[in-house]
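Okay, structure first, notes after.
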Amino acid sequence: MTQFLDKNFKLGILGGGQLGKMLCKETNEWSINTHILDKSTSFPSGRNATAFVEGDYNNYEDVLNFGRSMDVITIEIEHVNVDALEALEKEGKIVHPRPSALRIIKDKGLQKNFYAEHELPTSSYTLFESKAAIQKAVDAGEITIPFVQKSRTAGYDGKGVFVVDSADKLKNMMDCPSVVEDLVDIEKELAVIAVRNSEGEINTFPIVEMEFHPTANLVEFLLAPAEVDVLIEEKCKNLAIELVDKLDICGLLAVELFLTKSGTILINEVAPRPHNSGHHTIESCSSSQFEQHIRGILNMPLSDIVQLSPAVMVNLLGADGHTGEAIYPGFDTCISESNVYPHLYGKVQTKPFRKMGHITITDQDREMAKQKAKFVKDSIRVESK
Ligand code: ADP
């Protein structure tokens, strides 16, 4: 179980973005050799990994060659070459999340089918091959406006999501294999992160509430813990536990949920890796999501997870109208307050709405935390030189 303490042990991570960087920070604490595969050492985790291998995590050979010299392999992004991970698993490598689960999660259509097969609550949906096929179904009265079109494979941060709430929007639909689902009357967007190890031990983080940016489809404020009824909280946690178990995941599974206006909980989507909704755990919980992912994939005991303080997390997005080398006006003002924890990912170039960092604000009084978060958000900007 503690083979990772061996000086020759190597953990391999596919993806060198901010999640990889924060995972490396955690593995550094326990001196676990951590190797990253991604296109350029200039990426966020370039300076934090034990070794950085330049290559493409979507390329079969690159992933296979990288993985062959690792003891355990994990991911920080799900859009990787799953065939290579499957081959590595067949060769006896430990790969978490399991490639079979990753295959389902990478495709929003297969995710939806998985929920349906396991009778897990999610919005009603139909799968389509193309824009023309959706139009035909609309013309035949098989689906009705409003609905949400989601690209089955190409989406992230809301980019593959298109809301059709009037007939004139039909012409702007994406032309790709899609999930078409009911437009949910959302009261709150919630998320809960579960963790599991291969002994089958499962734990969950406190449930969080997300407020989205009105146009960018990215989380603007994240409140932890969420202000919801305990019964709702229990229900969300139980769904996450059921999902992590049924998908046979080791490590983290982040579950995004909708609380509808009528009080129903629906699963939106899952991610088998550290998640934006868990960044606050670094400062506000007894153990962070990154530490728990490492514990889960290396089959270590998970320990209890306690929220030590309410927290608000603010994503630092590139300002609209700014493209180029990033600067951070207002950084000084923002850190003049106590219990304000900025994380700058080190991305050299900013562009509108690019995730450039995040800031966590903790306070024993959640209203104070919210006020401080608003102050912080108004103080700092990510602009170009
Ligand atoms: P991504 O994988 O790109 O993050 P999501 O499926 O999470 O995409 O959708 C992004 C956002 O779009 C959600 O957080 C929510 O605000 C909105 N959304 C997604 N699906 C629905 C739906 N069925 N009904 C209403 N809003 C939705």
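No value in this document is a laboratory result; all are computed from the given coordinates. Everything numeric in this text was worked out from a predicted model, so none of it was measured. Ideal geometry is used to build each Cβ from the backbone, glycine not excepted, and the neighbour counts take in all protein chains shown.
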Leading residue at positive end of dipole, the chain (Cβ point charges), from F353, I294, H118: F353
Between T50 and H118, with labels modelled 7 Å along Cα→Cβ, what's the label distance in nm to one decimal, could you check? 3.2
Two decimals, Cα atoms only, Kirkwood Rh: what is Rg/Rh over region 165-206? 1.24
Relative contact order %, the chain, counting alpha carbon pairs below 8 Å whose residues are six or more apart: 13
Compute the Rg/Rh shape ratio of region 284-376: radius of gyration over Kirkwood radius, all on alpha-carbon atoms. 1.06
The chain - Kirkwood radius from inverse mean 1/r over Cα pairs (Å): 21.6
Can you list residues whose amide H is under 5 Å from N268's amide H, if they're 5+ apart or on another chain and H is modeled 1.01 Å from N? E256, L257, F258
Over region 287-362, what is the relative contact order in percent, taking alpha-carbon pairs closer than 8 angstrom and at least six residues apart? 38
For a Förster distance of 35 Å, can you work out the FRET efficiency between the beta-carbons of S262 and Q135, rounded to the nearest 0.05? 0.70
Report the percentage of all Cα-Cα pairs in region 138-193 whose separation exceeds 17 Å, rounded to a whole percent. 43
E142-Q3 pseudo-label distance in nm [points 7 Å out on the Cα-to-Cβ vector]: 5.0
Could you run the Karplus curve 6.51 cos²θ - 1.76 cosθ + 1.60 with θ = phi - 60° over region 34-39 and give me ³J(HN,Hα) per residue in whole Hz, x for Gly and Pro? 10, 10, 10, 10, 6, 5
Amide H within-cut-off set for I193, under 5 Å, with H built and near neighbours excluded: F205, V255
Find how much the distance from R68 to K374 grows on full extension, using 0.36 nm per residue of separation minus their present alpha carbon separation; answer in nm with one decimal. 105.5 nm
Hey, how many Å between the Cα centroid of region 221-247 and the Cα centroid of region 258-334? 15
Of I186, L257, A167, whose Cα points farthest to the positive end of the dipole of region 128-287 (charges on the beta-carbon: +1 Lys, Arg; -1 Asp, Glu; origin at the Cα centre)? A167
Please give the length that would be gained between S166 and S384 if that part of the chain were fully extended, namely 0.36 nm times their separation in residues minus their C-alpha to C-alpha distance (nm, one decimal). 74.8 nm
